[in-house]
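The values are calculated or read from the model by the stated rules, or taken from the named source; none is laboratory data. Predicted model, so just to flag it, every value in this text is computed and none were measured. Cβ atoms come from the backbone with ideal geometry, glycine included; neighbour counts cover every protein chain shown. Accessible surface areas use protein heavy atoms only, side chains included; no ligands, DNA or RNA. Shrake-Rupley method; radii C 1.70, N 1.55, O 1.52, S 1.80 Å.
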Amino acid sequence: MIRQPQRGHAANGCPVPASSWRRHARSGAAALVFTAAATLALTARPNRYGHSDREERHLFPAVSTGPLDPAWSPDGRWLAFSLRGDIWKVPAEGGEAVALTRGPAYHFEPAWSPDGRRIALTLDAGGNLEIGVIDADGGEVARIASHARVDIEPAWSPDGQSLYFVSARGGGLGIYRHDFATGRDTLVVARGIQPAVSPDGKLLAYESGGLRLLDLASGESRLLRAEEAEYRMRPAWTPDGQSLLYVTEDRGSNDIRLIAAAGGAPVELTVETDGHEQEPAVSPDGKRFAFVAFRDGVPALYTLPLAGGRKSAWQEVLISARRPLQATGRVRIRVLGPDGAPMSARVYVDASDGRSYSPEGAFHRAMMTLDRHYFHIGGEAVVEVPAGRTSIEALRGFEYGPASTVVEVPAGGVAEAELRLVRVLDLPARGWYSGDTHLHDLHQGFGLSHEAFFGQLVAEDLHVTQALIHMDGTRLMGRWEDLTGAPQPLSTPTHILQYAQEFRGALGHVALLGVGEYVLPFIAGQSGTPYAQHTLENRYFEGAHAQGGIAGFPHPYLRLPETPGAAAGTLIALDAALGLGDYYDMAALYSDELGSAAFYYRLLNAGFRIPATAGTDNFSDVWRDPPVGSARTYARIDGALSVPGWLDAVRRGRTFLSTGPLLLIDVAGRQPGDEIVLPGNAKANLQVRAEAVSITPVDSLQIVVNGDVVRTVRAARAGARVTAGLRPEAVGPVEPAAPLVFEGAVPVPRGGWVAARVLGPASRYVGDDYAFAHTGPVNVRRGERRYLKAEDVAFLAETVDSIGARAERAAWRTEAERAEFRAAVAQARRAYRELGSRAQ
């Protein structure tokens, strides 16, 4: 779907000032009030260009340290490609690569004109993707298709008089034709991507629900090949116009196939490999094709005879040297820990030309928020950059202060940069260990080995990683064999990787942690599959428990569920009434923290003591996504770190969650997960101490009682904010700012629960689009009666009614399955009636 304007972002994808988007929450459960400037349809994900996360992750062009987007010159002598943000050309047999562009824009997707004199391309300049044309020998880029919405994927007509491209200017992504004589852009296909014009100019191949062919004269379109595809097909015609190459995902990885334009069964061309082969381009003589193959997120360029072949037949196009348009030098980077030893970390390198760079062979990545480009290193790296002033910054998770420096890189020389990281808070020493309940290592991206994925986890200092294997449509995202119920062999005593499972239903998802056997099926409510109808989720919770694991609710709500009908988009209200749900991911990239928190408060106020957690839900093998651990759970463990111990701490509610700030709370000597039992006539006030330490800017620390914000401490502009978030040019280790602290009496006259939360704006250190942290609740009981809020019980009961109404409208395979769902709804209604009778 096309992404709606999101929280913290205007319709054009630009950040909205914090003063505009900040929620002034008097009551977290029911009174989230927005300022007038924030009347947008707020939802989740901090996307760069205002599109869906899938389009931005899988379709839009990438910056890479290896060649991408190969295109043949018409005489077959050269291959053009994108690399390090520029367009280059190299002899087809390999050799020196010559740059045709330079910064500050990033350049992608070269397409050679039929006469060989020009190259069309996509460029990112000023935060938008546009189409341009340059001379085949390089020079200034002339903008051809420039619009406020995204323009990508240029493809020439055979006569060179027009250029086809993909644009979002009509709302969704469609295919347009630019006429060079008139300068006009004409809509050709309302919904389609990846245009490729046949050699005779009569047919247009493109992707739209499969591989399609459009007769340009009649306007009739026919489906050539129906396949599930994640924006990867990229059809390429053979010179005789009889066949097309395209990328398939049928085998669980990206492979290249050949199919006749008349239809029929396709033929595999890249065989005997589990890697990812993409972006085929056929040579002008039709004898071979170029393509890229990925390893650990980095592509290499190959050619292969058109008949295909196994990997031993691939011919790599080796780049012996590069000739950029500007003088370059190198910077040698060393990141050190507090003890002076090399330390794994995330690194930003911003060069004199306004672009970001990564080491040779590194996986170059970018965060949606503020378009921060980054890479991970094991402690040392060398990066080639344009000569001149270069800013370098390193950080490692949330517990180390970032370190930064500025160096002058000499042309042809080497500059040295040493950065030392200093702990701002040693949480493991207090028994708190970070974890992520929701990561994906493989998700239709560029592919990652276990070693490369584990390197990301260590660089982000993530102590416990739950990497979820799931099914997207009918394609498995992950490796069947990775689910063992035990830590992955690369794990260490301080950093543990263990695979888990995600069930994906149309009425919400369930994550199963600590399991060694799959609970199937993976999906429900997916049209066009054998699992098109809805299902109850009890089998997944019960299946996890039978294996000694836990199961919970990932990314609960994309936006604030203001009505029961909106909240009925998941089965959470139903599951909770049935006693299901071991944790609740209040923070996630694909969720709204404050919206999810508001619904969580309703659950707590209805007596459901579900622990509060966070899981990033990132795709670790795509180039544009925040790093692992961008939304993490801290769990307080007794004894040594282990997955069973960490999961048990989560189960007991001994948690806090964060997208950046670190947050601890003490309520009358008790911590999250504990219960305070008071006599009915005890004093109303409890002594509370909450402390926030943050590497990212924060605005306020709030104390929340039963969903209401009862105390607020605001950050001083020069005090509690960490200056590193505001001054990236600072040199050396960052001194942490003074903690933001609340200490005082808090009224809890009727019992219930007490928690703390922290809010802050977008930052270069936050993978999500604003800073957020929340402690698990400390429960308070007065006498024998638990606190129940009638308004929230009623809201959840109405949500179950809405779920029941949806189920009645759905198609069911059998009456027995419909009856089972009806019985669960009836049971939940009885539970809420009973709670309502005791609510205050």
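Of note:
- Sorted largest first, the principal axis extents computed over the alpha-carbon atoms of the stretch 575-652 equal 42, 35, 18 Å.
- Taken along its principal axes, the alpha carbon cloud of the stretch 343-422 reaches lengths of 36, 26, 22 Å, longest axis first.
- Of GLY329, PRO561, ASN128, farthest towards positive along the dipole that unit charges on Lys, Arg, Asp, Glu beta carbons give the chain: PRO561
- Close Lys-Lys pairs in the chain, where close means Cα under 29 Å and separation is 8 or more or interchain: 5
- Considering only GLY552, GLY579, THR186, the residue lying farthest towards the positive end of the dipole of the chain is GLY579, judged by Cα position with unit charges set on Cβ.
- Using distinct alpha-carbon pairs, which all enter the 1/r mean, Kirkwood radius of the stretch 201-265 in Å: 12.0 Å
- With all projection directions averaged, the alpha carbon convex hull of the chain covers 34.3 nm².
- Estimated translational diffusion coefficient (Stokes-Einstein, Kirkwood radius over Cα pairs, 37 °C, 0.692 mPa s) of the stretch 329-374: 269 µm² per second.
- Candidates per GluC sites (Glu not before Pro) in the stretch 737-809, loop by DSSP, up to 13 other Cβ within 10 Å: GLU784
- At q = 0.21, 0.22, 0.26 Å⁻¹, base-10 log of I(q)/I(0) for the stretch 354-395 (Debye sum, equal scatterers on each alpha carbon): -0.75, -0.83, -1.13
- Across the alpha-carbon atoms of the stretch 51-118, the computed radius of gyration and Dmax are 12.9, 39 angstrom.
- Within the accessible surface of the chain, defined with a 1.4 Å probe on protein heavy atoms only, the carbon and sulfur portion equals 50 percent.
- The residue list GLY516, VAL464, PRO489 was ranked by how far each Cα lies along the charge dipole of the chain toward its positive end, using unit charges on Cβ atoms, and VAL464 comes out on top.
- Relative contact order %, the stretch 39-132, counting alpha carbon pairs below 8 Å whose residues are six or more apart: 20 percent
- Per residue, in Å², the accessible surface of the chain once ligands and nucleic acids are set aside, probe 1.4 Å: 34 Å²
- For GLY752, the residues 5 or more places off, or on other chains, whose built amide H falls under 5 Å of its own are VAL780, ARG781, ARG782, TYR787.
- Measuring nothing but alpha carbons in the stretch 749-820 and taking Rh as the Kirkwood radius, the Rg to Rh ratio lands at 1.20.
- Largest accessible area first, the residues LEU678, LEU701 order themselves as LEU678, LEU701 under a 1.4 Å probe with ligands, DNA and RNA left out.
- Hydrodynamic radius (Kirkwood) for the stretch 72-166, which is based on Cα pairs only, to one decimal in Å: 13.2 Å
- Take every Cα pair under 8 Å whose residues are at least 6 apart in sequence, average their separation, divide by the length of the stretch 375-488, and the relative contact order is 22 percent.
- Eigenvalues of the alpha-carbon gyration tensor of the stretch 110-267, scaled by 5 and square-rooted, set the equivalent ellipsoid semi-axes at 25, 17, 16 angstrom, largest first.
- The stretch 435-504 - convex hull of the alpha-carbon atoms, volume per residue in Å³: 85 Å³
- Remark: the chain carries a charge dipole of roughly 2600 debye about the Cα centre, counting +1 on each Lys and Arg Cβ and -1 on each Asp and Glu Cβ.
- Summary value for the chain: 10 percent relative contact order, contacts being C-alpha pairs under 8 angstrom separated by 6+ residues.
- Ranked by how many other beta carbons lie within 10 Å on average, peptides 115-121, 623-629, 609-615, 485-491 from highest: 609-615, 623-629, 115-121, 485-491
- Among TYR590, TYR584, the sequence by solvent-accessible area, most first, with a 1.4 Å probe is TYR590, TYR584.
- Folded to 0 to 90 degrees: helix 450-459 orientation relative to the chain principal axis, Cα: 60 degrees
- Heavy atoms of SER52: accessible area, 1.4 Å probe, square angstrom to 10: 10 Å²
- Angle between the chain longest axis and helix 815-838 axis [Cα atoms, degrees, rounded to 10]: 40 degrees
- Applying a DSSP loop filter and a limit of 16 other Cβ atoms within 10 Å to the GluC sites (Glu not before Pro) in the stretch 308-385 leaves GLU360.
- Estimated vicinal HN-Hα couplings, Hz - the stretch 158-165 in sequence order (Karplus 6.51, -1.76, 1.60; Gly, Pro = x): x, 8, x, 8, 8, 9, 8, 7
- Averaging the Cα positions of each part gives two centres, and for the stretch 112-146 and the stretch 540-571 these lie 47 Å apart.
- List GLU399, GLU815, ordered by accessible area with a 1.4 Å probe, largest first: GLU815, GLU399
- Of the Cα atoms belonging to the stretch 115-202, the radius of gyration and Dmax stand at 12.4, 37 Å.
- Degrees, to the nearest 10: 593-605 long Cα axis against longest axis of the chain: 30 degrees
- Principal axis dimensions, the stretch 181-327 - Cα atoms, whole angstrom, descending: 47, 43, 29
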